[in-house]
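Since the structure comes first, as structure tokens, the remarks are kept for the end.
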Amino acid sequence: MNTREAAGFVNRMKPQVAIPIHYGTIVGRPSDAEKFAAKVDEGIRVVTKLSFKMGSEGK
């Protein structure tokens with residue numbers, strides 16, 4: 001599912017809160033959570049839980 005498809009699914013379900021979890025680790029990029037949140041309908045709170053820190057090798 002890409003960000004558009006995921007947001008469309010959430011918009012149809014109409015939950016109070018959506019927590020994206022499959023981004024920035026195995027698949028996707030950290031910015032995908034922001035793209036997803038921008039596509040989710042107003043009134044649905046998007047909570048991102050992952051935080052990304054630079055490793056000692058600077059990657």
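Annotations for the structure displayed:
- Contact annotation: residue pairs with Cβ atoms under 8 Å, 6 or more positions apart or on different chains, pairing a residue in region 37-50 that is within 20 Å of GLY24 (Cα to Cα) with a partner that is among the basic types (Lys, Arg), are LYS39/ARG4.
- Of the residues making up region 21-33, those that are open to solvent by 100 Å² or more (accessible area, probe 1.4 Å) and either more than 8 Å from the chain's Cα centre (by Cα) or farther than 20 Å from ARG45 by Cβ (or both) number 2.
- Checking each residue in region 34-51 for being surrounded by 10 or more Cβ atoms within 10 Å (Cβ to Cβ), of a type outside the set (Val, Ile, Thr), at pLDDT below 95 and in a loop (DSSP other than H, G, I, E, B) picks out only LEU50.
The values are calculated or read from the model by the stated rules, or taken from the named source; none is laboratory data. Computed from a predicted model, the values in this text were never measured in an experiment. Quick reminder, even Gly has a Cβ in these numbers, built from the backbone with ideal geometry, and neighbours come from all protein chains shown. Heavy atoms of the whole protein, side chains included, go into the accessibility calculation; ligands, DNA and RNA do not. Shrake-Rupley method; radii C 1.70, N 1.55, O 1.52, S 1.80 Å.
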